[in-house]
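K.L.:
So that we are looking at the same thing, I have put the structure below in structure tokens.
No value in this document is a laboratory result; all are computed from the given coordinates. Just so we're clear, the structure is a prediction, and the values are computed from it rather than from any experiment. Cβ placement follows ideal geometry from the backbone for every residue including glycine, while neighbour counts extend to all protein chains displayed.
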Amino acid sequence: MKTLIPSEITPVQLQTVMQTAVSPRPIALASTVDKDGNSNLSPFSFFNMFSTVPPVLIFSPSRRVRDNTIKHTLENVLEVPEVVIGTVNFPIVQQISLASTEYEEGVNEFIKSGLTMKDADLVQPKLIEECPVNFECKVLEVKSLGDQGGAGNLVICEVQKIHIREEYLDENGNLDQAKLDMVARLGSNWYSRNTADNLFEVPKPLVTKGIGFDLLPDEIKFSRIFTGNDLGMLANVEILPAGNYHSDENVHLGAQKLLLESKIEEAWKILIY
Ligand SMILES: Cc1cc2nc3c(=O)[nH]c(=O)nc-3n(C[C@H](O)[C@H](O)[C@H](O)COP(=O)(O)O)c2cc1C
């Protein structure tokens, strides 16, 4: 096992290992204004939701590792504590990357990136028309995490209004994960994409109370065939199916095929005699 102590590696090395390890990260496209009303648009992948009621999003414009300067987005939310956060999907990924260019103060990245400004209803910053979802937010607090290059600044935002583009809704009027084609940020220059064909479902164990790994029969738990994912599915049944358990690896391979298709009950059936 390789181990690292943060204080013993350079900030750039630390940034690389953390951003590669903590991935994929969703991307916030933050639209802000300065005190004179000039618009700014920048992407941030130090971003997530942290509360549903109240609805809270947090993103973090960091102090630059390079020269410890701060970003216009941070200056703006300190001047005008409002932000529109747009979510980012594949059709706009190149434009949001362009919006991350470090233009001089006062340059409007909407214009540079070709993304479209639209008036918001409750806050001054503009909506981003092309984003699948826009959140109009008030900034509750800006929490600085340090004064050195690389230090984050948590911009804690409460959502006031949500705008969703119709084309991403399903027939019941709900957001359709498969249609969204979300992208996420990984380490270095890598991104990942969530197309319909690479989504998969894992049934929530909250609905059932799985027996757990510890109650799996040894013939199955110590099989050389089953992976952690296979055993995780087998251990998610509520009652251990009764019988004798095959230790034959060919039978395990057959069960594994069924598990790949999420057919847990059928997998258990062939594991018992
Ligand atoms: C996809 C993506 C995600 C980014 N995430 C962050 C981030 O979480 N925090 C950060 O400080 N900079 C991040 N950046 C870099 C900023 O977008 C960049 O520094 C931007 O120019 C800041 O603009 P501003 O000075 O107008 O606020 C990211 C860039 C890209 C392309």
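K.L.:
Loop only by DSSP, 15 or fewer other Cβ within 10 Å of the Cβ. Give me the GluC sites (Glu not before Pro) in region 116-150 that pass, ordered by residue number. Don't skip to the answer; put the middle values down first.
P.N.:
Numbers: sites: 129, 130, 136, 141; in loops: 129, 130.
Answer in residue order: 129.
K.L.:
Calculate the dipole size of the chain relative to its Cα centre from +1 charges on Lys and Arg beta carbons and -1 charges on Asp and Glu beta carbons; express the result in debye to the nearest 20. The partial results should precede the final answer.
P.N.:
Numbers: 24 positive and 37 negative charges, 117 e Å.
Value, rounded to 20: 560 debye.
K.L.:
Stretched out fully, how many nm does the piece from residue 174 to residue 116 gain, at 0.36 nm a residue minus the Cα gap?
P.N.:
Between residue 174 and residue 116, full extension yields an extra 18.4 nm.
K.L.:
Just the number, please: percent antiparallel of the DSSP beta bridges in the chain, rounded to the nearest 5.
P.N.:
Values: 44 of 44 bridges.
Here the antiparallel bridges make up roughly 100 percent for the chain.
K.L.:
Among the Cys residues of the chain, which have no other cysteine Cβ under 4.7 angstrom away?
P.N.:
131
K.L.:
On to the next question. If you fit an axis through the alpha-carbon atoms of helix 249-260 and take the longest principal axis of the Cα set of the chain, what angle between them do you get, 0 to 90°, nearest 10?
P.N.:
Relative to the chain, helix 249-260 is tipped by roughly 40 degrees.
K.L.:
Also, quick follow-up: To the nearest Å, what is the center-to-center distance of region 1-63 and region 207-222, using C-alpha atoms only?
P.N.:
Answer, in whole Å: 38.
K.L.:
Let me ask you something else. Separation between the residue 147 and residue 79 pseudo-spin-labels, each 7 Å from Cα along Cα→Cβ, expressed in nm?
P.N.:
Those two pseudo-labels are separated by 2.3 nm.
K.L.:
Here is a follow-up. Under a cut-off of 16 Å between alpha-carbon atoms, report the aspartates and glutamates in cross-link reach of residue 143, not counting same-chain residues fewer than 8 places apart.
P.N.:
The qualifying aspartates and glutamates are 75, 79, 82, 158.
K.L.:
Less than 25 Å apart at the alpha-carbon level, and either on another chain or at least 8 residues along: which lysines does that give for residue 221?
P.N.:
Leaving aside lysines fewer than 8 places away in the same chain, those within reach of residue 221 are 204, 209, 257, 263, 269.
K.L.:
Let me ask something else. Please compute the length gained on full extension between residue 10 and residue 242, using 0.36 nm multiplied by the number of residues separating them and subtracting their Cα-Cα distance. List each step's numbers first, then the result.
P.N.:
Details: separation 232, 0.36 × 232 = 83.52 nm, distance 5.62 nm.
My answer for the length gained is 77.9 nm.
K.L.:
Using only the Cα atoms, what convex hull volume per residue in Å³ does the chain have?
P.N.:
Convex hull volume per residue, Cα atoms: 174 Å³.
K.L.:
Using alpha carbons only, how many degrees (0 to 90, rounded to 10) separate the axis of helix 11-21 from the longest principal axis of the chain?
P.N.:
Compared with the principal axis, the helix lies near 40 degrees.
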